[in-house]
Amino acid sequence: MRSHLQISNLSDSSTEQDLLQLFASIGPVVTVEIVRNARTGRVQGPAVVEMAKAADAVSAVKRLNFSQFHGRVVSVSLSDQLMTD
């Protein structure tokens, strides 16, 4: 089962590549999406990271929730979206 994570309180300097590298250290990542305001380029809402395995998503929450990332304390939580392989 694949699982989605929500990452909140990201710095505006954070990129999809940054998140990919961070979460890939825990397990295979399927997709990463950071929504930005088209006019300002600022992060708008939580980012979404889709992990290939639900167990890796749970590990990511345990390891990264309330951790420092680009100078901010980020919140990492499981999303309500679960997908089967």
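The values are calculated or read from the model by the stated rules, or taken from the named source; none is laboratory data. Note that the coordinates shown come from a computational prediction; the quantities given were computed from them, not determined experimentally. Here the Cβ positions follow ideal geometry from the backbone for every residue, glycine too, while neighbour counts run over all protein chains shown.
Table for the structure above
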quantity	calculated
Residues of the stretch 3-55 classified as of a type in the set (D, E, K, R), more than 22 Å from Gly71 (Cβ to Cβ) and surrounded by 13 or more Cβ atoms within 10 Å (Cβ to Cβ), total	2
Boolean, Leu64 is touching a residue at least 60 places away in the same chain (Cβ under 8 Å), on the phi < 0 side of the Ramachandran plot, touching a Leu at 6+ places or on another chain (Cβ under 9 Å) and of a type outside the set (Phe, Trp, Tyr)	no
Listing of strands (runs of 3 or more DSSP E) fully contained in the stretch 1-84 that carry 1 or more residues being in contact with a Phe, Trp or Tyr (Cβ under 9 Å, 6 or more places away or on another chain)	2-8, 29-33, 47-51, 72-83
Test: residue in the stretch 61-77 that is under 20 Å from Met1 (Cα atoms), surrounded by 12 or more Cβ atoms within 10 Å (Cβ to Cβ), modelled with pLDDT under 95 and touching a strand residue (DSSP E or B) at 6+ places or on another chain (Cβ under 6 Å)	no
